[in-house]
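K.L.:
One structure, pasted below without further comment.
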Amino acid sequence: MATTISNRIRIRAANVELDAVGGNFSSPTDLGKTSEDGIEISYETTEKEIGNAQEPTIDEIFDIGPQRLTIKCALQEMKATHLALAFGQDTTDVTDNTTATPPNLQVDIGGYRAPVYKALRLKVPQVTTATLYDIFTFYKVKVRAAYQQTFTYKNERYIPVEFQCVQDPANSNKYGKIEIEGASA
């Protein structure tokens, strides 16, 4: 019998940064803060229990389905780069039209393109001190445009973004890591 296991955690508001896959975040693209609603991280996997024919116990449990890790948040600032991400585009899909009257920024949306992968880092300020962070680093993510949001007067300044994590072969097929600054075992 196969069972789908779903886990969902919600963390506090955070600073969001993007870098190239494999990047060390020495000069990341700063996306600013998330809304005070925080960030939702959900993880799913499908397991199958394998029993022994002689005994009615479970001998082993195997992951048989694809694992899925998704991060959802709403970015606080209405910026062209944030709108590009909300539509599943890259931050480089923003054109600065300085010669237009008036000058403007243009966000290209739609059209077929190869998936754009980035590294993602969430820096969550710790409750006890403003100088230390819980740092969530995801090695390889793809921005998904499937996250729906209705823009109303109340929440028009927040831009919803969803990131789908992909296992990174350069990091032993892991999704990422969590660092807790100042912690000891």
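One line per residue, one yes/no per condition, for (1) touching a Phe, Trp or Tyr at 6+ places or on another chain (Cβ under 6 Å); (2) modelled with pLDDT under 90; (3) closer than 30 Å to V127 by Cβ:
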site: T4; (1), (2), (3): no, yes, no
site: R12; (1), (2), (3): no, yes, yes
site: N15; (1), (2), (3): no, no, yes
site: D19; (1), (2), (3): yes, no, yes
site: T29; (1), (2), (3): no, yes, yes
site: E44; (1), (2), (3): no, yes, yes
site: T57; (1), (2), (3): no, yes, no
site: F62; (1), (2), (3): no, yes, no
site: Q76; (1), (2), (3): no, yes, yes
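K.L.:
Does A86 satisfy the criteria of being modelled with pLDDT under 80, surrounded by 14 or more Cβ atoms within 10 Å (Cβ to Cβ), within 13 Å of the chain's Cα centre (by Cα) and of a type in the set (A, V, I, L, M)?
P.N.:
Values: modelled with pLDDT under 80: yes; surrounded by 14 or more Cβ atoms within 10 Å (Cβ to Cβ): yes; within 13 Å of the chain's Cα centre (by Cα): yes; of a type in the set (A, V, I, L, M): yes.
When the stated conditions are applied, A86 passes them.
K.L.:
So, one more: Tally the residues that are of a type in the set (A, V, I, L, M) and at pLDDT below 85, restricting the search to region 106-128.
P.N.:
So the count comes out to 5.
K.L.:
Would you check if R68 is charged (D, E, K, R), touching a Phe, Trp or Tyr at 6+ places or on another chain (Cβ under 8 Å), closer than 30 Å to S172 by Cβ and modelled with pLDDT of 80 or more?
P.N.:
yes
K.L.:
Please give the number of the condition P115 fails out of (1) surrounded by 13 or more Cβ atoms within 10 Å (Cβ to Cβ); (2) under 17 Å from the mean Cα position of the chain (by Cα).
P.N.:
(1)
K.L.:
Which condition breaks for Q106 when tested against (1) closer than 26 Å to Q167 by Cα; (2) assigned to a strand (DSSP E or B); (3) polar (S, T, N, Q)?
P.N.:
So the condition that Q106 fails would be (1).
K.L.:
Anything in region 71-99 that is within 18 Å of F138 (Cβ to Cβ) and assigned to a strand (DSSP E or B)? List them, or say none.
P.N.:
Listed by number, the residues that qualify are I71, K72, C73, A74, L75.
K.L.:
Quick check, is I159 modelled with pLDDT under 90 and touching a His at 6+ places or on another chain (Cβ under 8 Å)?
P.N.:
yes
K.L.:
Tell me whether region 105-116 contains one or more residues that are out of contact with any strand residue (DSSP E or B) (no Cβ under 6 Å at 6 or more places or on another chain) and polar (S, T, N, Q). It would help to see each step written out before you state the result.
P.N.:
Our first condition is that a residue be out of contact with any strand residue (DSSP E or B) (no Cβ under 6 Å at 6 or more places or on another chain); within region 105-116, this holds for 108-114, 116.
Checking the rest, the ones that are also polar (S, T, N, Q) come to none.
So far as region 105-116 goes, no, none of its residues is out of contact with any strand residue (DSSP E or B) (no Cβ under 6 Å at 6 or more places or on another chain) and polar (S, T, N, Q).
The values are calculated or read from the model by the stated rules, or taken from the named source; none is laboratory data. Values in this document were obtained by computation on a predicted structure and should not be read as measured data. Counting neighbours? That spans all protein chains shown, and the Cβs are built from the backbone with ideal geometry, glycine included.
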